[in-house]
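Report on the structure given below.
Throughout, read-outs are computed from the coordinates displayed, never taken from laboratory work. What you see is a predicted model; the values in this text were computed from it and never measured. Please note: Cβ atoms are built from the backbone with ideal geometry, for glycine as well, and neighbour counts cover all protein chains shown.
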Amino acid sequence: MKNRTYIHIFMVLTMGLTGCSQAAKEEAAGNFRTPEASAMLETLKTLPEQGVFMFGHHDDPVYGIGWDGDSARSDVKSVCGDYPAIMSFDLGRMEIWGDRNLDNVSLDRIRKETVAQYQRGGMVSFSWHTDNPLTGKDTWDVSDSTVVKSILPGGANHDKFIGWIDKVADYLNSIQTSEGIKVPVLFRPWHEHTGSWFWWGQNLCTTDEYKALWQMTYNRMKEKGADQLLWAYSPGTEPNDSTEYLERYPGDSIVDLIGVDIYQYGDNENYQQNLDKSLQILTQVSRAHGKAMAITETGYETIPDSTWWTQTLLPVIEKYPISYVLVWRNAREKENHFYAPYPGQVSEKDFIKFYENPKTVFVGDIKSIVKNNK
């Protein structure tokens, strides 16, 4: 157990006291969210003030290297003895299949793991790699530049897509504790739009169309009663300044957290320079717009560098007021497609040093802080 007695904020936020006050203010302003969601947002904003950030991992408890579907298992936990403080899952293809996502994980399992993570004191984020509603192909099909236009009001696929949003809203609303509390989650749709590898990307729609897609999604979710959501805006590394970063920003009234998706493909120095550039932009935008900020996706595939965690990643991110840093998944169906260590992996020992660093927050840190401050 790490000594984190200085992060006093968690006790108040976990009990929802701050969240209740914030929720009352938001309801008066016509932007109601549940007390639990307000508490989650306050935690995201307050963490950097404490000089710490959460560590996250995509699909952490549902599969990993050499295993699939084991209960209470996690590659991260197998290495350091603790779960990530934030986990992420994807909703892609649920709009088609109904019972599972594009990585063949059952929605029921994801629901259970989301509740379990919330009850541990941790957080969950959702992305949505939705299929192309015009061509019927996957989310990476960029063969037609009229997809977004076709799903906006008046478009040929509008009603169809509203039905898809409704399925997502109904599912997120179904993620509840045994007491009937809707679990607050961070929803991160239409990500990496500054690139053009998704059908909603930079070259596939206009700025106005992209903003309209966000507004339509947000409005429909609200109509469906999904008031437990926080909303994240996460471009890729393409923006070179805050103006470019905000070019397609849907507005302060919608977005709760700003982020960046950034991966290492070359040498360590190049990654650090790109990460530093992106975090400088995020910090500027965060301060100007009063938004929490995070590294919403990152990682170095196969982590071949034995000291990557403490010598490449940490020296950059510890300089900035991020709420969390999240690495991508450890695929069980693809060889050499993993971003978190597992027992025996070359960066395992260095990750333990990363875990032990007083700036990193894992879910056990949250639990012990709450217990120690009650």
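Looking at the stretch 48-145, which chymotrypsin sites (Phe, Trp or Tyr not before Pro) are DSSP coil and have at most 15 other C-beta atoms within 10 Å of their C-beta?
Numbers: sites: 53, 55, 63, 67, 89, 97, 118, 126, 128, 140; in loops: 128, 140.
Those satisfying the criteria are 140.
Divide by every residue of the chain the summed helix terms, -39500 (n - 2.57) for each DSSP H run of at least 4, and state the resulting mean residue ellipticity at 222 nm, rounded to the nearest 500 deg cm²/dmol. Spell out each step's value before the answer.
Working: 14 runs with 142 residues, N = 374.
Computed mean residue ellipticity for the chain: -11000 deg cm²/dmol.
Quick one: 75, 70, fewest Cβ neighbours within 10 Å first, how do they rank?
With the fewest neighbours first, 75, 70 line up as 70, 75.
Going by C-beta contacts inside 10 Å, put 278, 306 in order with the fewest on the left.
Result, fewest neighbours first: 306, 278.
What are the semi-axes of the equivalent ellipsoid for the chain, taken as the square roots of 5 times the Cα gyration tensor eigenvalues, largest first, in whole Å?
Working: eigenvalues 170, 117, 92 Å².
Result for the chain: semi-axes of 29, 24, 21 Å.
For the stretch 117-168, what is the convex hull volume of its Cα atoms per residue in Å³?
Normalising the Cα hull of the stretch 117-168 by residue number yields 101 Å³.
Please give the contour-minus-distance gain from residue 265 to residue 288: 0.36 nm per residue of separation, less the Cα-Cα distance, rounded to one decimal in nm.
Going from the current span to full extension adds 5.2 nm.
How high is the FRET efficiency between residue 96 and residue 215 when r is their beta carbon distance and R₀ equals 22 Å, given to the nearest 0.05?
Taking R0 as 22 Å, the efficiency between residue 96 and residue 215 is 0.35.
Which GluC sites (Glu not before Pro) in the stretch 246-321 pass both tests, a DSSP loop state and at most 11 other beta-carbon atoms within 10 Å?
Taking the stretch 246-321 and a limit of 11 other Cβ atoms within 10 Å, no loop GluC sites (Glu not before Pro) are found.
Which of these, 259, 251, 236, has the largest mean-square fluctuation under a Gaussian network model of the chain (Cα springs below 10 Å)?
Ranking 259, 251, 236 by mean-square fluctuation puts 251 first.
Quick one: net charge around residue 133, please, counting Lys, Arg +1 and Asp, Glu -1 for every other residue with C-beta under 11 Å from its C-beta.
-3
Test of understanding: ordering 44, 246, 230 by Cβ neighbours within 10 Å, fewest first, what list do you get?
246, 230, 44
Provide the gained length on full extension for the span residue 174 to residue 277, in nm with one decimal, where the gain is 0.36 nm per separating residue minus the Cα-Cα distance.
33.2 nm
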